[in-house]
Each structure stands twice: as C-alpha cells, then as structure tokens.
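Only one structure is covered here, and it is reproduced in the block below.
The values are calculated or read from the model by the stated rules, or taken from the named source; none is laboratory data. The structure presented is a predicted model; accordingly, all values stated were derived computationally and were not measured. Neighbour counts are summed over all protein chains in view; Cβ atoms, including those assigned to glycine, are modelled from backbone coordinates with ideal geometry. SASA here: full protein model, heavy atoms, side chains in, ligands and nucleic acids out. Shrake-Rupley method; radii C 1.70, N 1.55, O 1.52, S 1.80 Å.
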There are 2 protein chains.
Amino acid sequence: MPKEEFNPLALKEQICFPIYATSRLITRLYQPLLDEIGLTYTQYLVMMVLWENDNQKVTEIGNRLFLNTNTLTPLLNKLIQKKLISKQRDESDERAFIVTLSEEGKAMKTSAECIPEKLAQSVDIPLEEVALVKSAMWKFLNSVRD
Amino acid sequence: MPKEEFNPLALKEQICFPIYATSRLITRLYQPLLDEIGLTYTQYLVMMVLWENDNQKVTEIGNRLFLNTNTLTPLLNKLIQKKLISKQRDESDERAFIVTLSEEGKAMKTSAECIPEKLAQSVDIPLEEVALVKSAMWKFLNSVRD
DNA sequence: TCATAATATATCGCATGCGATATAAAATCA
DNA sequence: TGATTTTATATCGCATGCGATATATTATGA
C-alpha cells in the first residue's frame, strides 16, 4: 500500500471552497422563489435588512451585510427604480443618505414571508447541523467585524 | 416583557446569509496571498484541480468546482494568456477540450504550497468546528450533485 | 480657526457567476 | 441509415463584489 502524502492543496482539504460552493448553490435554490417577487438574492438581503429596521443609512445596511457602497449604491439604485425604496439625505449629516421602504416595499414583506420555509424544505441538511454551521459562521463573521 | 414574535425574515435566522458572507470574507483573506503568485481566487481553484490531476476536460474541472463553461471558458482563457495552462482538442471526442498545465503552471504549485497554512492562521475558528462545517457543506454539495 | 484627517457616498474597472442561447460533434433510436 | 437527442464548449447579457480612487461633508487638532 503506497504511503499517501498529505496534499495541503487538495480541494478536499480547503476550508473556503465548500463554503464558497455551498453559498453559490443555495443562492441558486433561492432564485426561483425570488423570481416570483422579482428580486435577486442580494436585493432580497437588502430588503430583509430594511424589513427588520426601516430608515437606515447606506453604511448601516452595508455593515449588516458586509457590503461596501461600491456594491450597494448600484444595487440600491435598482431597488429605487423598482419603487421599493427611496433615499433622502440625512438632515443631521449631509454626507449620509437614509434608505426608506416605499409602501410597495413594505407590502412585499408579506409575499416574502413564505420564502425561508420553502427554501428550508429544499435544503436537505439535518437541523442540528444547520444550527452548528450558522453558529460557526457567525462566530467567524463577528471576529472579522472588529 | 413584550412577547418576541419569531421573524422568519430576520437576517439571524437565515441559513444562506452567514455562509454567503463568510465565503466572501474568506476569499478576501486569500487575496493578499494570491496576489503574490498573481492569481484570483477562482483561478487558484482551477489550478488546484489541475495540480491534483493534470489533463482534465473543461467539464471535469467544472464538475469538481460546480462551475459551468460560461464561467470557466473566459477564466481558462485568462490562465492561457498567463501561460499557466494550454488547451487541446480531445482526439477521441472532437467536442471536448483537454486542459494541461504548462511548466510554469506546474512550477507554481511550489509557490502555492504555503498558502493553505498561511490562510488557516488568519482564520480564527476552532479546528473541530472547521471539520464540522466542512463535513456539513460537503454533505450538502454531494446531495445536490446527484 | 484653519489645515488635516476621518467619514459617507459615488464612480470606474476588472473578474466572476449564471440563465439563456448557439454551435458542433457524438450518441441514440425509429 | 437518417433524424433526433444528448453532450461539450462558447457567447451574450445582466447582476454582483471589490480594490482603487474621487468628492463632499464633518470631526479633530495644532
């Protein structure tokens, strides 16, 4: 039996690759559900942040999603075109913009409420593992945030 | 004390979001290391697949990485421009292309060997959790593959 | 207070990802 | 065998992500 050398560059050994691939595949699972309400995955994330707390600054949304304005600005402009949100200057800080849900944007929350449940059904991972993964990922995210 | 409604659309409840955010953040951690050998993260993944097994078809590489040719073709062309790989028609199947490492491509493996170790140092997650996350992600990936 | 630094947002360019579609070659089947 | 289907790759268009840079506004400090 030949001695198996440990190959640190083997795909199976990587930390990031399975996370990267899983992220893309789950996003793909979301797409048919999101098509029904006309959102992309990232647009859906922004809407979720606003459904939790309306009237947030661009940077606050970015902090929640780990996204910078170079990604958010074009994305928010598309949501404005779709009349789901609007943007006004913060009167107490003329540099900042505050993002606000429109009535259509608020109403969309009702149509979106079934999506997490439907997605969970199509993802076949035991509940305890989902909890473990979520906890480990959030631990990492919070450690990077600081 | 007000009763807390369960909000299925809260960011904290999502499965995909922490995976998606972690994937992007780890990729960002790779970038300074990959800059030293002049690769992007996805290009690095392709090279890893070829370092494990040279002379693979485009589709075989795609299967390993869960990527289609619409992503791989331009990416492989960039690696050809960098003279790290080459592409020849498969003589037994004229539809297919076989991707082969150049001498530079093979040599690059030596420079890359330190990267996994260096990355692991900058990612602050306990080893058991890394193993759990990897196992759960791969279980999901394999379940989707079929 | 006035120059300097920090902060909020925007813009540019490049590299993905991916659905939809096109093309050519191989496999299958009536 | 000739038509149909499947498979391998390529192309197009759109939507991110993000490093680098620019601009405007606010905060800070000599």
Original post:
What number of residues within the stretch A:45-65 satisfy the criterion of being away from DNA strand C (no atom under 14 Å from the Cβ) and closer than 16 Å to B:Arg24 by Cβ?
Top reply: 1
**OP:** Determine, yes or no, whether B:Leu34 is within 14 Å of DNA strand D (Cβ to nearest atom), more than 30 Å from A:Ile115 (Cβ to Cβ) and touching a Phe, Trp or Tyr at 6+ places or on another chain (Cβ under 6 Å).
**Re:** yes
Original post:
Among the numbered criteria (1) more than 14 Å from DNA strand C (Cβ to nearest atom); (2) farther than 10 Å from A:Val46 by Cβ; (3) not polar (S, T, N, Q), which single criterion is violated by A:Leu84?
Top reply: (2)
**OP:** For A:Gly105, state whether it is within 14 Å of chain B (Cβ to nearest Cβ), more than 27 Å from A:Asn142 (Cα to Cα) and either near DNA strand D (Cβ under 8 Å from one of its atoms) or surrounded by 15 or more Cβ atoms within 10 Å (Cβ to Cβ) (or both).
**Re:** yes
Subject >> Residues of the stretch B:1-56 classified as in a helix (DSSP H, G or I), free of Cβ contacts under 8 Å to residues at least 60 places away in the same chain and more than 10 Å from chain A (Cβ to nearest Cβ), total >> reply: 6
Subject >> Filter pass, B:Thr69 being open to solvent by 40 Å² or more (accessible area, probe 1.4 Å) and either within 12 Å of DNA strand D (Cβ to nearest atom) or more than 26 Å from B:Asn142 (Cα to Cα) (or both) >> reply: yes
**OP:** Residues being open to solvent by 40 Å² or more (accessible area, probe 1.4 Å) and either aromatic (Phe, Trp, Tyr) or away from DNA strand C (no atom under 15 Å from the Cβ) (or both): count how many of those fall in the stretch B:89-102.
**Re:** 1
Subject >> Selection status of B:Val46, surrounded by 14 or more Cβ atoms within 10 Å (Cβ to Cβ), within 19 Å of B:Leu141 (Cβ to Cβ) and at pLDDT 95 or above >> reply: yes
Original post:
Are there any pairs, at least 6 apart or on different chains, whose C-beta atoms fall under 7 Å, with the first in the stretch A:129-143 and within 7 Å of chain B (Cβ to nearest Cβ) and within 16 Å of B:Leu127 (Cα to Cα) and the second surrounded by fewer than 17 Cβ atoms within 10 Å (Cβ to Cβ) and not hydrophobic (A, V, I, L, M, F, W, C), and if so, which?
Top reply: A:Ala136/B:Glu129; A:Ser143/B:Asp124
Subject >> Residue in the stretch B:112-119 that is within 17 Å of the chain's Cα centre (by Cα), within 14 Å of another protein chain (Cβ to nearest Cβ) and surrounded by fewer than 12 Cβ atoms within 10 Å (Cβ to Cβ) present >> reply: yes
**OP:** Return the pairs, sorted by first residue and then second, in which the second residue is within 12 Å of DNA strand C (Cβ to nearest atom), the first residue lies in the stretch A:68-88 and is assigned to a loop (DSSP other than H, G, I, E, B), the beta carbons are less than 8 Å apart, and the residues are 6+ apart or on different chains.
**Re:** A:Asn68/A:Gly62
